[in-house]
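The values are calculated or read from the model by the stated rules, or taken from the named source; none is laboratory data. Just so it is clear, the model here is predicted, and its values are computed rather than measured. Every residue, glycine among them, receives a Cβ derived from its backbone with ideal geometry; neighbour counts consider all protein chains shown. The protein model used for the area step is the full one, side chains on, heavy atoms only, and it has no ligands, DNA or RNA in it. Shrake-Rupley method; radii C 1.70, N 1.55, O 1.52, S 1.80 Å.
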Amino acid sequence: MFNEIEIDVLKKRVYAANIKLYKYKLAIHTWGNVSGITKDRKYVIIKPSGVSYEEMKYSDMVVADLDNNVVDSKLKPSSDLPTHTLLYKTSDTIQGIVHTHSPYGVAWAQSGKNIPCLGTTHADNFYGSIPCARELNDQEINNNYEHNTGLVIIEKFKKENLKYTSTPGCLVKNHGPFTWSSKSPEDAVDIALTLEEIAKMAAYTLSINQNTKEISQSLKDCHYNRKHGKNSYYGQEKNADKNSEQKNKD
């Protein structure tokens, strides 16, 4: 049915990512969840529903298919599974997804506002404002709520012509943040932490000067592209150590 070795390794990674979420204080009690997807994109592994982080074991991670059917677990998956699977089906670049109820992210979501790009810290990580999807209507809430949560995120990205790679997160009005990564579940958690810090900085900035405007497009382009663009130059070269060793030998 599936590669048991790959599933076991991914369970451990998703478990570690969920613990990381807890250690970062982006989730308390049983709030929040992290998921990852297999290489063949047939199975998702996600935190079990309502299980505390202190009691959770890696073997508790739930394996489900992309139609939300549990295929390997005695526990129920996170109730947000349908949101995760819909996003995985929508963008094949996504390798890990996180949902939190982090305070500043939720505050922006409850206000129904995009988080504006007010400085270079924001632009280093998100290309432009972090969007806030609309609130769900009564019909959407009462029928397939979690699936419809994914749909309003997708709707927002289509409407604003956003890319899942350069905008790796979205708020849902009255709910909270979702983030994702094209690298791994662990990286999706780091992006969730980044979103929370950016949300905090924006809240502080606007409390000092409510007339603060977004930075220029040139500065957004400069900071985003130097880390993520085609000709990015931030950080060290992947083979820098090897090249250095070779030069020393020559």
ask   = Taking region 109-151, which residues are open to solvent by less than 30 Å² (accessible area, probe 1.4 Å) and in a helix (DSSP H, G or I)?
value = Ala109, His122, Ala123, Asn148, Thr149, Gly150
key: Criterion violated by Tyr58 - all others in (1) among the hydroxyl-bearing types (Ser, Thr, Tyr); (2) surrounded by fewer than 18 Cβ atoms within 10 Å (Cβ to Cβ); (3) modelled with pLDDT of 95 or more satisfied   = (3)
ask   = If you take the residues of region 94-108 that are part of a helix (DSSP H, G or I) and in contact with a helix residue (DSSP H, G or I) (Cβ under 6 Å, 6 or more places away or on another chain), which of them is least open to solvent (accessible area, probe 1.4 Å)?
value = Gly105
key: Selected residue (criterion: farthest from Asp221 (Cα to Cα)) from residues of region 158-172 that are surrounded by fewer than 18 Cβ atoms within 10 Å (Cβ to Cβ) and in contact (Cβ under 8 Å) with a residue 60 or more places away in the chain   = Thr165
ask   = Can you find even one residue in region 73-89 that is of a type in the set (Asp, Glu) and modelled with pLDDT under 95?
value = no
message = Quick check on my filter: what residues within region 207-234 are touching a residue at least 24 places away in the same chain (Cβ under 8 Å) and aliphatic (A, V, I, L, M)?
response = Ile215, Leu219
ask   = Looking at (1) open to solvent by 10 Å² or more (accessible area, probe 1.4 Å); (2) touching a strand residue (DSSP E or B) at 6+ places or on another chain (Cβ under 8 Å); (3) farther than 21 Å from Ser207 by Cβ, which is the one condition that is false for Phe178?
value = (1)
Residue match in region 204-218 (condition: assigned to a helix (DSSP H, G or I), aliphatic (A, V, I, L, M), surrounded by 10 or more Cβ atoms within 10 Å (Cβ to Cβ) and at pLDDT 75 or above) = yes
request  = Determine which member of the set Ile19, Ile37 is open to solvent by 20 Å² or more (accessible area, probe 1.4 Å), touching a Phe, Trp or Tyr at 6+ places or on another chain (Cβ under 7 Å) and hydrophobic (A, V, I, L, M, F, W, C).
outcome  = Ile19
ask   = If a residue has to be in a helix (DSSP H, G or I) and more than 15 Å from the chain's Cα centre (by Cα) to count, how many in region 152-171 make the cut?
value = 6
task = Considering only residues that are assigned to a strand (DSSP E or B) and out of contact with any Pro (no Cβ under 7 Å at 6 or more places or on another chain), look in region 41-72 and name the one that is nearest to Asn3 (Cα to Cα).
result = Tyr43
